[in-house]
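Chemist: Quick one: this structure, given as structure tokens, is what I'll be asking you about.
The values are calculated or read from the model by the stated rules, or taken from the named source; none is laboratory data. Everything quoted here is computed from the prediction, not taken from an experiment. Cβ: placed from backbone, ideal geometry, glycine included. Neighbour counts: every protein chain shown. For the accessible areas, the whole protein counts, side chains as well, though only heavy atoms, and no ligand, DNA or RNA atoms are used. Shrake-Rupley method; radii C 1.70, N 1.55, O 1.52, S 1.80 Å.
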Amino acid sequence: MRSRTENGADVRQAAEDDIAELVRLRAMLFENLGGDFFDPASGGGDWPAALATVFKEQLSTDTASDTVRILVVDGENGLAACGIGTIEQRLPGPHLRNGRIGQVIGVVTDPRYRRRGHSRSIMRGLLDWFRESDVARVDLYASVEGEPLYRDLGFTNHPDPSLYWRP
């Protein structure tokens with residue numbers, strides 16, 4: 001899967017060689033979101049290693065390509081941007097015809113490469129993959145900065161409140 005951003009940069013699927021940069025961009029995302037919930041220090045120091053392990057599993061497994069898609073844009077020295085999509089099988093219902101839900105996780109662009117269309121191109125790639133995978137709905141959590149992009153791509157308010165619980 002290759003496409004181009006608005007400024008001509010390639011969007012491609014991530015590879016195992018990208019793992020360190022994917023971890024760097026995820027850490028940057030959490031630092032930028034702020035607050036206790038997203039504070040990387042509050043999760044302990046071992047989460048980057050655990051994340052790298054999961055990325056390695058997802059990028060080296062043939063079956064992962066059916067449920068996980070990681071798209072990236074290369075920068076001059078490392079990755080400029082990335083976005084992750086997952087597909088989960090839930091129970092079908094009147095609001096979820098086949099039970100397949102897509103989730104966009106952590107679209108992030110390194111500040112040095114912002115305002116070049118990278119996030120939009122990554123999102124278009126993920127949305128194409130979700131369509132091809134016959135998902136019934138795609139969910140995401142938007143940052144204040146990212147919300148206009150997602151709304152422009154057709155995302156609307158979710159009817160359910162967003163809650164969470166940690167054991």
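Chemist: Using helices alone, what [θ] at 222 nm do you get for the chain, with -39,500 (n - 2.57) per DSSP H run of 4 or more residues, divided over all residues and rounded to the nearest 500?
Modeler: Only helices count here, giving -10000 deg cm²/dmol.
Chemist: Have a look at Val23, Gly83, Tyr150 and report the one farthest towards the positive end of the charge dipole of the chain, computed about the Cα centre with Cβ charges (Lys/Arg +1, Asp/Glu -1).
Modeler: The one lying farthest along the dipole's positive direction is Tyr150.
Chemist: Evaluate 2.2 N^0.38 Å with N set to the residue count of region 76-167, then give the Cα radius of gyration divided by it. Show your work: numbers first, answer last.
Modeler: Details: Rg = 14.6 Å, N = 92, 2.2 N^0.38 = 12.3 Å.
Region 76-167 yields a ratio of 1.19.
Chemist: Pick from Arg131, Arg151, Arg69 the residue whose mean-square fluctuation is largest in a GNM of the chain, springs joining Cα atoms under 10 Å.
Modeler: Arg151
Chemist: Just the number, please: carbon plus sulfur as a percent of the accessible area of region 54-167, 1.4 Å probe, no ligands or DNA/RNA counted.
Modeler: Details: 3480 of 7030 Å².
That fraction is 50 percent.
Chemist: Given R₀ = 25 Å, what would the calculated FRET efficiency be for Gln89 paired with Arg114, taking r from the Cβ atoms and rounding to 0.05? Each step should come with its number before you reach the end.
Modeler: Values: r = 35 Å, r/R0 = 1.39.
Computed FRET efficiency for Gln89 and Arg114 comes out at 0.10.
Chemist: If each residue of separation counts as 0.36 nm, what is the full-extension length gain between Thr53 and Asn98 once their alpha-carbon separation is subtracted?
Modeler: Details: separation 45, 0.36 × 45 = 16.20 nm, distance 3.09 nm.
Taking Thr53 through Asn98 to full extension adds about 13.1 nm, to one decimal.
Chemist: By the scheme Lys and Arg +1, Asp and Glu -1, what is the net charge of all other residues having a beta-carbon under 14 Å from that of Thr53?
Modeler: Numbers: positive: Arg26, Lys56; negative: Glu16, Asp46, Glu57.
Local charge sum for Thr53: -1.
Chemist: Taking amide H positions as placed in the peptide plane 1.01 Å from N, state which residues far from Arg100 in sequence (5 or more) or on other chains have amide H under 5 Å from it.
Modeler: Result for Arg100 returns Arg90, Ala136.
Chemist: Here's a follow-up. Could you please tell me the mean projected area of the C-alpha convex hull for the chain, averaged over all directions and given in square nanometres to one decimal?
Modeler: Result: a mean projected hull area of 10.6 nm².
Chemist: Charges only on Cβ, +1 for Lys and Arg, -1 for Asp and Glu: so what's the dipole of region 101-167 about the Cα centre, in debye to the nearest 20?
Modeler: Working: 10 positive and 9 negative charges, 68 e Å.
Around 320 debye, computed over region 101-167.
Chemist: With an 8 Å Cα cut-off and a minimum separation of 6 or more residues, compute the relative contact order for region 88-163 in percent.
Modeler: Values: 57 pairs, mean separation 24.8, N = 76.
Relative contact order for region 88-163 comes out at 33 percent.
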